[in-house]
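Values quoted throughout were computed directly from the atomic coordinates according to the rules given, and no laboratory measurement underlies them. Quick caveat, the model's predicted, so the values are computed rather than measured. A quick note on method: Cβ atoms are made from the backbone with ideal geometry, for glycine too, and the neighbour counts reach across all protein chains shown.
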Amino acid sequence: MSSPAGPQITVQSHVRRRSLGALALAASFPLTLLLAPPARGQDTPESVRQGDQPFTVRVVAKGLEGPWEVTWGPDDKLWVTERTGKRIVQIDPKSGEKTVLATIPEVEAPGGQDGLLGLALDPGLLQGTGHDYVYAAYTYLDPSRAPDATVQDEASPYRHLFTKIVRFTYSPEGNKLDSPTEVIAGLPASNDHNSGRLKVGPDGMLYYTIGDQGNNQLGNWCIPTEAQRLPTEAELTAKDYVAYVGKSLRLAPDGTIPPDNPAIDGVRSHIFTYGHRNMQGIVFGPDGTLYASEQGPKTDDEINILKSGGNYGWPHVAGFADDMAYVYARWAESTPKPCADLTFSDIEIPAAVPFDRETDWKGAGRMTPPLATMFTVPNDWNFQDPACNGMDFICWPTVAASSIDYYPPTGAIPGWGNSLVITTLKRGSIYHIQLAADGQAVTGSFERYFQSENRFRDTALSPDGGTIYVATDPGGLAESLSGGTTTEMQNPGEILAFTYDPDAPANADQPTGTTTQGSAATGGTNQSADPTLPAGKQIPTGQFTPATFTEAQVNDGKRSYNSACSTCHGNTLSNGTMAPHLAGQAFEAKWKTKTVADLYTYSRDHMPPSRPHSLPDETYAAITAYILRVNGAEPGDQPLLTDPDALANQQIVIENKD
Ligand code: HEC
């Protein structure tokens with residue numbers, strides 16, 4: 001294990017690196033490839049238009065613990081999953097009244113992208129057919145199965161985290177969900193890119209998406225992406241679903257493999273399509289066309305039509321195979337330096353890491369291209385915009401598409417019939433795009449609506465199409481309306497209703513008026529309470545077990561940090577793309593005036609895995625020691641973590657390493 005990141009950074013700057021900038025690409029790639037005309041449906045960030053339909057906005061419900069799926073039910077209620085709340089709740093869209101239909105204690109959510117995810121209502125629900133079924137997908141721990149061998153830390157919950165789909169039966173008399181019956185268990189799960197969207201198709205089959213697990217990037221940078229790997233007959237016989245990552249699945253309602261599933265490379269499995277990165281949205285159009293939204297890397301979120309047996313190209317291709325601003329860097333195959341000794345970067349690929357252009361891939365000619373991309377940019381695009389405060393990913397062309405809905409031809413909004421509605425996490429918006437009459441292509445460019453300082457997770461439409469309900473994340477990072485980034489959500493963990501209203505001013509880009517007031521009301525109820533923690537989980541500040549800041553502790557802290565924190569904060573602490581940097585200027589600006597105790601309690605009370613306080617006190621102390629060490633503190637000269645009183649008041653000292 002190399003020493004903490006101070007020296008690591010210095011060493012890295014001597015490593016010869018290739019940049020993804022225009023010069024490097026132009027030097028090694030034939031010019032013709034760079035000049036290829038843009039393919040159809042390939043929008044750039046500049047081609048997005050502000051939507052101009054008028055809406056009014058209202059907060060329907062708040063205080064939800066990670067609302068993830070929101071679906072309109074046949075009882076005219078909203079059916080919602082709470083990712084970390086582990087509940088399925090029914091919400092009256094008029095009054096906002098919440099009823100818990102089921103609590104699922106088996107759900108485990110150790111990280112930021114796991115827990116209770118997709119929910120699908122059987123078309124027979126409340127139709128008097130006896131099929132009052134509701135399907136839910138969630139992550140759970142199963143120590144009896146063979147552990148995930150790619151997770152090396154024996155103590156990590158992700159070694160034993162899997163996904164299952166369960167069928168519940170709804171009883172209208174008791175208004176609750178009962179009789180959980182396992183449809184399938186042992187599906188892959190990870191600390192990143194689980195996808196998790198679930199639908200019942202018009203053919204009565206279940207459709208489920210599983211992401212590439214966030215491998216080959218961030219904290220999982222040395223684990224290869226297996227979105228192209230297909231299962232063997234032996235694996236299927238053993239019910240080992242390791243090859244289901246980066247796929248969409250099609251399952252019979254009892255969990256078996258439908259006989260008309262595609263045989264891909266001679267093997268018929270649950271796999272319906274493959275070559276996906278993080279497909280968080282699927283929806284059926286009226287003619288059975290299956291539309292999907294998929295998150296891309298720095299560029300090229302995709303809108304796809306999923307066709308049986310189709311290969312969608314990841315990780316060889318992002319968007320179209322056009323060699324624009326994406327190459328496939330194979331970190332796990334680095335040589336002669338082992339991957340673990342390298343520093344992951346989204347911007348520069350070390351010389352030790354082999355990479356391929358999109359058109360190098362032999363399958364490029366046979367892959368199913370997207371309907372549209374959000375958004376494609378040239379190779380000389382600046383992915384490090386200073387306005388982004390070092391949180392570059394927020395400013396990248398990708399918007400992190402998180403769901404997709406089909407807008408029906410009869411919907412109330414003029415001109416919207418037969419179109420797609422996509423929520424995004426990064427710009428807290430809805431992107432709307434028109435479909436061609438046959439539904440097999442898009443026409444025109446994306447329009448953006450409702451931009452706010454929120455992360456939009458999912459939508460549901462009222463039956464007349466006049467209201468779009470939006471579920472918002474409880475926290476995280478969003479783009480600030482005044483430029484840069486923000487961690488303060490305007491509407492944390494809420495259901496918002498945007499209602500088409502011809503008399504309202506066109507408010508395409510701003511829901512804040514009503515919604516901010518609504519949010520402020522919660523904050524006012526208890527001044528000392530921490531609004532980011534659910535009621536009942538509030539914990540007193542400033543209480544922690546002191547520990548000694550030793551070199552051993554720093555090493556422990558580094559190990560724990562790499563397994564619990566690096567996915568979001570980056571393995572050097574200042575290369576994370578999903579969370580603020582914990583070293584360098586951004587960290588210094590925020591933490592210089594704070595105490596060590598502040599840093600300790602913030603990590604313990606607000607951060608995954610499961611908040612607050614799921615790791616032992618010593619682990620938080622060790623992680624704190626590691627963060628301080630990376631920022632220049634020495635074990636000898638700052639025995640900061642020995643005395644709780646001194647610790648509580650000890651100001652953080654950050655040494656300038658420049
Ligand atoms: C799933 C992603 C994720 C993981 C895993 C994660 N964090 Fe965070 N962290 C965030 C996000 C997003 C923010 C900014 C929003 C907030 O403060 O809640 C943040 C903020 C922080 C901050 C405040 C930084 C600042 O300048 O505002 C600290 C300190 C921190 N995290 C420490 C940790 C530690 C220690 C761990 C591991 C135990 C960890 N985080 C794990 C996503 C994550």
| Surrounding net charge for SER419, when Lys and Arg each add one and Asp and Glu each subtract one, Cβ distance under 15 Å | -4
| query | Given H placed 1.01 Å from N in the peptide plane, which residues other than close sequence neighbours of SER402 have an amide H under 5 Å from its amide H? | reply | THR423, THR424, LEU425
| request: Mind listing the long-range amide H neighbours of THR443? Cut-off is under 5 Å, sequence gap 5 or more, other chains count too, H placed in the peptide plane at 1.01 Å from N. | output: GLN434, LEU435, ALA436
| Relative exposure of TRP314, TRP416, judged by other C-beta atoms within 10 Å (fewest first) | TRP416, TRP314
| Gain upon complete extension [GLN384, THR550; 0.36 nm per residue less C-alpha separation] | 56.2 nm
| Computed label-point distance, nm, for sites ALA185 and SER614 using a 7 Å Cα→Cβ extension | 2.0
| query | Peptides 182-188, 437-443, 354-360: what's the order by average Cβ count within 10 Å, highest mean first? | reply | 182-188, 354-360, 437-443
| query | How large is ³J(HN,Hα) for each residue in the range 263-272, as worked out from phi by the Karplus curve 6.51 cos²θ - 1.76 cosθ + 1.60 (θ = phi - 60°), to whole Hz, x for Gly and Pro? | reply | 8, 9, 6, x, 10, 8, 9, 6, 5, 9
| message | List the pairs from LYS62/LYS558; LYS176/LYS426; LYS77/LYS239; LYS199/LYS307; LYS199/LYS239 whose alpha-carbon separation is above 26 Å, in the order I gave them. | response | LYS62/LYS558; LYS176/LYS426; LYS77/LYS239
| message | I need the peptides 285-294, 44-53 ranked by packing, meaning the mean over residues of other C-beta atoms within 10 angstrom, with the highest value on top. | response | 285-294, 44-53
| What whole number of Å gives the distance from the Cα centroid of the range 570-627 to the Cα centroid of the range 402-462? | 37
